[in-house]
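Shown next, in structure tokens, is the structure this report addresses.
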Amino acid sequence: MKEIVVISGKGGTGKTSLTASFAVLAGGETVVADCDVDAADMHLLLEPDFSSREEFFSGEVAVIDPDICTNCGICRQVCRFDAISVSERSHIVAPLSCEGCGYCARVCPVQAISNNSEQVGELYVSSIKTDTKMVHAALKIGADNSGKLVARVKNEAKSVAEELGKAMVLVDGSPGIGCPVVSSLSGASFVVLVTEPTVSGLHDLKRVYQLVKKFKIPAGCVVNKADLNPQILQEIETLLQDEQIHYLAKIPYNEEFTAAMTNGKTVVEWDQNLRQTVSETWQQVLKILESETKE
Amino acid sequence: MKIAIASGKGGTGKTTLSTNLAVYLSESARVALGDLDVEEPNSGLYVQGEEIERHDKFKYVPRWNPAQCDLCGTCQLVCNFNAVLKLGQQIMVFPELCHGCYACSELCPTGSLPMIPQKMGELTVFRRGPLDFVESQLNIGEEQAVPLIKQTLKQMNGSFGDREYLIYDSPPGTSCPVIEVTKEADLVILVTEPTPFGLHDLKLAVETMRELGVEFGVVINRHGLGDDRVERYCAEQSIDIITTIPNHRKIAELYSRGELLYPSIPEVKNALEKIRLYILERRKESRS
């Protein structure tokens with residue numbers, strides 16, 4: 001099973017527009033996974049039918065029973081997350097601050113604290129307009145398990161692909177360098193980095209690539225809005241060369257990206273020129289993938 | 001007054017607004033800016049200042065000391081994150097999974113798991129005239145941003161609590177890192193763009209703010225691009241649109257070079273002034 005993960009470090013570089021376009025180009029060849037669970041937008045372009053849904057549960061959150069609590073305060077002393085405060089009647093837990101470590105419940109002398117598993121999101125397996133399946137999710141507000149949900153989405157996508165006999169999973173990855181993106185990257189066969197020639201785009205690319213390097217995953221890069229800043233474009237190109245990152249494409253600043261999105265379309269369905277560029281990019285990804293796996 | 005600049009979607013202009021607003025406000029008030037997007041901090045690329053101090057930031061994780069350990073297994077039992085495992089005659093600790101709750105360490109009957117500091121990132125304080133600027137950067141490979149965000153907020157509130165404005169450049173999304181920053185704010189400014197992705201993620205951000213019960217208003221960036229669906233949504237929901245920032249290739253180019261926008265783009269300066277007046281209005285309301 002080949003797994004292509006698209007990430008960007010910085011937001012707003014066109015990652016999701018590009019991933020959805022790859023999905024359209026790959027059509028029935030691939031199962032699609034939206035692992036940007038905090039800001040899952042790919043469904044706006046791929047028309048999923050939400051045909052199957054499943055609840056996703058978090059780790060635990062402490063709950064104090066006010067009828068049993070004696071207000072002794074031991075729970076508050078041991079909590080390292082400032083999640084417990086005193087009310088008139090009993091101690092209370094702020095669920096958004098609780099890490100679910102369960103320490104308070106273990107030391108409560110009267111067993112007033114229980115740990116409840118909370119529903120923090122929903123997982124969907126949908127049929128989409130490209131005649132394949134997409135696995136996606138919606139995370140509840142303030143939930144702290146996006147890393148786990150990302151892992152769930154990816155594993156589900158892999159098993160759906162196996163069931164349907166597809167050889168590939170295409171993943172829209174998460175932003176940043178923390179827990180969700182680590183989950184997005186684990187097990188990837190190839191990473192597509194989407195960036196833009198801005199000081200922040202370059203800065204974030206460098207950081208996220210250091211993470212990719214730790215995983216020893218081969219990578220390619222698409223520079224979007226490539227004509228914004230020639231000097232930084234050059235710096236990016238030097239970085240790609242030094243780090244032996246495949247230079248997949250440069251796409252000039254083009255407001256058709258937004259126009260396509262506004263009309264609920266991917267750029268390859270919307271604009272002939274962009275279709276050409278993005279198709280060539282996708283073909284290159286497939287070619288690299290083939291040669292990397294042969295070695 | 002604590003003002004957090006946030007957005008559901010990444011790349012809508014949080015850092016642009018945070019840096020321009022902080023510098024603009026510092027023309028007439030004492031301001032501190034904090035970059036709390038510790039995974040990918042960018043504010044420092046736009047606000048250069050003189051470095052005042054730099055510290056390593058630590059989290060505390062257990063380390064096994066076998067001398068007294070009788071392998072009772074309590075540590076493994078009490079860890080909810082599978083960060084401590086008893087394997088044969090050994091206790092294994094996985095620091096990247098540790099949430100730093102201290103349960104294993106403090107509940108260990110033989111004191112065999114002392115908590116040891118481990119560097120998770122760096123905090124730097126800069127000064128740029130009347131503006132103080134704090135930036136934290138998470139080490140690559142470190143998975144949890146929240147502990148560093150908490151320490152950075154603490155430092156800001158401690159060192160700069162007396163400033164007229166504290167501006168927080170928040171992480172993107174709606175999960176725990178952004179909650180950590182916005183829950184303490186007196187006002188949250190949600191930056192969005194007039195596109196379907198912008199609207200979808202704005203709705204999530206609005207739900208988050210409502211759940212937290214914090215005051216918020218919206219700034220529409222790249223106005224003129226896309227369509228009017230964000231404006232219609234805000235009108236239906238009675239959400240204040242504080243101001244708009246126009247879509248302009250020149251803005252994108254200035255941004256690409258790491259330059260502030262308002263000194264050369266009058267529309268941006270006007271927008272910042274509108275935000276300043278809005279903040280004053282909200283402050284007056286909350287006092288009365």
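The values are calculated or read from the model by the stated rules, or taken from the named source; none is laboratory data. Being a predicted model, the structure only gives us computed values, none of them experimental. Neighbour counts run over all protein chains shown; Cβ positions are idealised from the backbone, glycine included. With ligands, DNA and RNA removed, areas are computed over all heavy atoms of the protein, side chains included. Shrake-Rupley method; radii C 1.70, N 1.55, O 1.52, S 1.80 Å.
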Worksheet item: Do we find that residue A:279 is under 24 Å from the mean Cα position of the chain (by Cα) and either more than 10 Å from chain B (Cβ to nearest Cβ) or crowded, with 17+ Cβ neighbours inside 10 Å (or both) in this structure?
Response: yes
Discussion item. Considering only residues that are at the interface with chain A (Cβ under 7 Å from one of its Cβ atoms) and either open to solvent by 20 Å² or more (accessible area, probe 1.4 Å) or part of a strand (DSSP E or B) (or both), which ones fall in region B:205-227?
Written reply: B:207, B:211, B:225, B:226, B:227
Worksheet item: Within the set of pairs 6+ apart or on separate chains, which have a first residue in region B:22-42 that is farther than 23 Å from residue B:146 by Cβ and assigned by TED's automatic domain parsing to the domain that holds residue B:145, a second that is assigned to a helix (DSSP H, G or I) and modelled with pLDDT of 95 or more, and C-beta atoms under 6 Å apart?
Response: B:24/B:272; B:31/B:22; B:31/B:25
Worksheet item: Can you tell me how many residues in region A:44-75 are more than 23 Å from residue A:96 (Cα to Cα) and within 9 Å of chain B (Cβ to nearest Cβ)?
Response: 2
Discussion item. Quick check on region A:139-190: of everything there that is under 26 Å from residue B:207 (Cβ atoms) and open to solvent by 40 Å² or more (accessible area, probe 1.4 Å), which residue is nearest to the chain's Cα centre (by Cα)?
Written reply: A:175
Worksheet entry | Members of region B:136-146 that are closer than 30 Å to residue B:199 by Cα and within 12 Å of chain A (Cβ to nearest Cβ) | B:137, B:138, B:143, B:144, B:145, B:146
Worksheet item: Is it fair to say residue B:239 is surrounded by fewer than 23 Cβ atoms within 10 Å (Cβ to Cβ), modelled with pLDDT of 95 or more, under 23 Å from residue A:96 (Cβ atoms) and out of contact with any Gly (no Cβ under 6 Å at 6 or more places or on another chain)?
Response: yes
Worksheet item: Is there any pair with a first residue in region A:250-266 that is under 14 Å from residue B:196 (Cα atoms) and a second that is part of a loop (DSSP other than H, G, I, E, B) and not charged (D, E, K, R) whose Cβ atoms are under 7 Å apart and which are 6 or more apart or on different chains, and what are they?
Response: A:257/A:14; A:258/B:195; A:258/B:226; A:260/A:266; A:261/B:195; A:262/B:195; A:262/B:226
Worksheet entry | Qualifying position, being touching a strand residue (DSSP E or B) at 6+ places or on another chain (Cβ under 9 Å) and acidic (Asp, Glu), among B:253, B:180, B:267 | B:267
Worksheet item: Restricting the search to region B:252-288, which residues are in contact (Cβ under 8 Å) with a residue 40 or more places away in the chain and within 14 Å of chain A (Cβ to nearest Cβ)?
Response: B:255, B:258, B:259, B:260, B:261
Worksheet item: Only one of B:113, B:166, B:153 is touching a residue at least 40 places away in the same chain (Cβ under 8 Å), assigned to a loop (DSSP other than H, G, I, E, B) and more than 10 Å from chain A (Cβ to nearest Cβ); which?
Response: B:113
Discussion item. Please determine whether any residue of region A:2-23 is surrounded by fewer than 21 Cβ atoms within 10 Å (Cβ to Cβ), away from chain B (no Cβ under 14 Å) and under 26 Å from residue A:176 (Cβ atoms).
Written reply: yes
Practice prompt. Residue by residue through region A:77-92, note down the ones that are within 14 Å of chain B (Cβ to nearest Cβ) and surrounded by 14 or more Cβ atoms within 10 Å (Cβ to Cβ).
Written response: A:78, A:79, A:80, A:81, A:83, A:84
Worksheet entry | Lone unmet requirement of (1) within 12 Å of chain B (Cβ to nearest Cβ); (2) in a strand (DSSP E or B) for residue A:106 | (2)
Worksheet item: Which one is nearest to residue B:67 (Cα to Cα), of the residues in region B:107-118 that are at pLDDT 95 or above and not hydrophobic (A, V, I, L, M, F, W, C)?
Response: B:112
Discussion item. Restricting to region A:30-62, and then to whatever is among the β-branched types (Val, Ile, Thr) and at pLDDT 95 or above, can you tell me which residue is farthest from the chain's Cα centre (by Cα)?
Written reply: A:30
Discussion item. Given the condition within 21 Å of the chain's Cα centre (by Cα), surrounded by fewer than 18 Cβ atoms within 10 Å (Cβ to Cβ) and not acidic (Asp, Glu), answer yes or no: does some residue in region B:120-127 qualify?
Written reply: yes
Item to complete: Those residues that are closer than 23 Å to residue B:257 by Cα, touching a helix residue (DSSP H, G or I) at 6+ places or on another chain (Cβ under 9 Å) and either open to solvent by 10 Å² or more (accessible area, probe 1.4 Å) or in a loop (DSSP other than H, G, I, E, B) (or both), I need them from region A:235-248; list them, please.
Response: A:235, A:239, A:247
Fill in: Of the criteria (1) part of a helix (DSSP H, G or I); (2) open to solvent by 10 Å² or more (accessible area, probe 1.4 Å); (3) within 13 Å of chain A (Cβ to nearest Cβ), which one residue B:172 fails
(1)
Fill in: Residue under evaluation residue B:158, criteria (1) farther than 21 Å from residue A:43 by Cβ; (2) in contact (Cβ under 8 Å) with a residue 24 or more places away in the chain; (3) not in a strand (DSSP E or B), criterion not met
(2)
Worksheet item: Which residue pairs have Cβ atoms under 6 Å apart, sit 6 or more places apart or on different chains, and have a first residue in region A:145-161 that is in a helix (DSSP H, G or I) and a second that is of a type in the set (Phe, Trp, Tyr)?
Response: A:149/A:56
Worksheet item: Would region A:181-195 turn up any residue that is within 12 Å of another protein chain (Cβ to nearest Cβ) and without any contact (Cβ under 8 Å) to a residue 40 or more places away in the chain?
Response: yes
